[in-house]
Amino acid sequence: HKFEYDNNGSLGEDKIFRADIQPLLKGFEKNVFSAWQYAFTEMMNNAIEHARATKIAVLFSTNALETSIVIADNGIGIFKNIQTFLKEERGQDLALDECVSLLFAGKFTTAEKFHSGEGIFFTSHLMDEFVITSDDMIFSRDNFSDATVKGFRGPSSTVVSMSLSNQSKKS
């Protein structure tokens, strides 16, 4: 399933979840449903509020074993956004790979008055596979490792890819 949204100031991640994603999760165990509700709304909120995106696309796929959701936007790019925030607000001049590494520790946000900065951290631990690509960089966390990859030829905007076993025991 593919969904496309114009980010015109009226989008709400909870409304999008209820209208488009929730019906696709019917029959899932409560813990898996709740995991997807949390992960989707956290990552969609980032696309809506932080990315400065005008367009957001969501791809949803499921099979007997796992479900995957990809959220892509045409915004500034998460790592470039972090880099710009640190330079303008804190006077720090960090390389993009250093900005990526800030996400592993959690509690980092570019909107401190509105967010705790824990959404990416907890979502990346909750999912079986979690990848953010942006600005030729990759932030990746799965059940086996954490990774930051430089030199990846990808979009300057942000793409978040998440997968979770349909029989997951995570909550």
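Rule-based calculations on the coordinates, nothing more; no lab input. It should be emphasised that the depicted structure is a prediction, and the values quoted were computed from it without experimental measurement. Note: ideal-geometry Cβ built from the backbone for every residue, glycine included; neighbour counts use all protein chains shown.
So here's what we get for this one:
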read-out: Extension reserve of the residue 64-residue 136 stretch, reckoned as 0.36 nm per residue once the Cα distance is removed; value: 22.7 nm
read-out: Subset of 80/169; 15/169; 15/87; 26/169; 15/55; 80/170 violating a 24 Å alpha-carbon distance limit; value: 80/169; 15/169; 15/87; 80/170
read-out: Placed amide H near residue 135: partners under 5 Å, 5+ positions off or other chain; value: 156, 157
read-out: Mean shadow area of the stretch 7-47 over all directions, Cα convex hull, nm²; value: 2.7 nm²
read-out: Spin-label model distance (nm) - residue 8 vs residue 49, 7 Å beyond Cα toward Cβ; value: 2.2 nm
